[in-house]
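Structure, as structure tokens:
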Amino acid sequence: MANNPRSGAVRKLKKGPLKGTGGLGRKALEGKGPTPKAEERTYHKAYKNKQLAERSAAKHSAGAGGHTSNRRSSGPKGRATEELVTGRNSVVEALRAGIPAKALYVAVRVDMDERVRESIKLANERGIPLLEAHKPELDRLTEDAIHQGLVLQIPPYEYEDAVDMASDVMAKWKKGHIANAPLIVALDGITDTRNLGAIIRSVSAFSGHAVIIPERRSAGVTAAAWKTSAGAAVRVPVAKAPNLNRAIGAFQKMGYFVLGLDGEGDVSLPDLGLAKDPICLVVGSEGKGLSRLVRENCDQIVSIPINSAMESLNASMAVGISLYEVSKQRSTQA
């Protein structure tokens with residue numbers, strides 16, 4: 001009896017195939033589709049934050065007479081195209097530099113110091129709307145950046161089309177509306193916004209007409225670029241080219257001479273003989289220089305004579321020196 005299993009202790013298996021569901025469980029296996037975004041789920045914290053932000057935006061818009069809105073616009077892929085300058089030092093410096101601004105956010109019961117007072121004063125003088133917001137709202141708006149109760153909203157820069165802009169400058173010169181021959185600067189691989197700002201400043205200082213940047217892999221006109229340009233970005237338009245090499249080809253057909261800056265140039269800058277003609281000056285990054293295709297498409301490669309111990313110049317410095325030489329030759333040949 002000890003070797004016999006207890007009755008009911010052994011599971012008996014049925015012979016033959018087991019009975020299936022007959023397809024009745026197929027719907028249960030289909031799933032419910034992609035998971036909704038966090039801000040679309042009513043029980044999620046992100047949903048509540050979104051509702052709060054929308055109510056706050058409506059409130060501020062109404063308070064400003066409906067002329068402004070603190071909602072951030074989005075690009076084609078949903079990315080914000082507006083920039084936020086945060087922190088008291090950064091905000092007051094941006095306002096001093098005359099950077100275009102859409103609104104100045106000030107925290108409720110903010111601890112007033114000289115920077116806050118000056119920021120509010122400058123915003124009032126320029127007619128920039130002042131929007132009061134609670135700290136949680138500013139935290140959400142800045143994605144938890146350190147804002148110190150002060151946030152400046154910068155509208156997205158409106159770029160012109162590179163080919164249209166170059167054509168417009170050429171047409172104005174031929175009609176006599178512009179005294180000097182067209183002079184534009186194109187950037188090939190410049191990703192530092194401070195370099196861009198400094199180049200814009202040099203173009204303005206030496207009577208240039210525009211700056212061209214590629215659609216991709218290039219610095220854009222941000223708050224940092226505005227600040228470095230020292231206000232020159234108001235006077236010098238920045239245009240975008242979807243394809244820089246195609247734009248260069250279009251410039252050449254219009255009558256521009258495309259000159260690339262490189263240490264191993266065909267001609268030294270003081271010997272440049274095209275200064276009085278319409279020019280598109282192309283500069284590459286300090287590390288890589290001009291890309292191969294851009295270099296091949298240039299009419300001439302120009303080098304700046306420097307001490308042999310110095311490998312290369314900063315891009316903005318190279319542009320400044322080149323524009324000075326062009327300006328000097330134009331004034332002597334006029």
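Since every read-out is calculated from the coordinates, none of them should be taken as a lab result. All of these numbers come straight from a predicted model, not from anything done at the bench. All Cβ positions, even for glycine, are placed from backbone atoms using ideal geometry, and neighbour counts span all protein chains on display.
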For Asp111 and Asn307 in the same chain, what is the full-extension length gain: residue separation times 0.36 nm, less their Cα-Cα distance, in nm? 65.3 nm
From the cross-link list Lys175/Lys276; Lys102/Lys240; Lys175/Lys240, which pairs have alpha carbons spaced over 20 Å apart? Lys102/Lys240; Lys175/Lys240
What is the sum of charges, Lys and Arg at +1 and Asp and Glu at -1, for the other residues whose Cβ falls under 11 Å from the Cβ of Pro270? -1
Cβ-based exposure ranking for Met112, Met170, Met317, in which fewest neighbours within 10 Å come first: Met112, Met317, Met170
At a 10 Å Cβ-Cβ cut-off, how would you order Leu152, Leu293, fewest neighbours first? Leu293, Leu152
Mind checking which aspartates and glutamates have their Cα closer than 20 Å to the Cα of Lys328? Skip sequence neighbours fewer than 8 apart in that chain. Asp271, Asp277
FRET efficiency (Ala230, Glu296; Cβ distance; R0 30 Å; to 0.05) is 0.30
The FRET efficiency for Asp139 and Thr35, from their Cβ-Cβ distance with R0 = 22 Å and rounded to 0.05, is 0.30
Return the loop-located trypsin sites (Lys or Arg not before Pro) in segment 159-203 (DSSP other than H, G, I, E, B) with at most 13 other Cβ atoms within 10 Å of their own Cβ; answer none if there are none. Lys175
Find how much the distance from Leu274 to Arg126 grows on full extension, using 0.36 nm per residue of separation minus their present alpha carbon separation; answer in nm with one decimal. 49.0 nm
State the extension gain, in nm to one decimal, for the chain segment bounded by Asn243 and Arg217, taking 0.36 nm per residue of separation less the distance between their alpha-carbons. 8.2 nm
Fewest Cβ neighbours within 10 Å first, please rank Arg115, Arg96 accordingly. Arg96, Arg115
Quote the relative contact order of segment 160-333 in percent (integer), defining contacts as alpha-carbon pairs under 8 Å separated by 6+ residues. 26
Pair Ile178, Glu160: separation of 7 Å Cα→Cβ label points (nm): 0.8
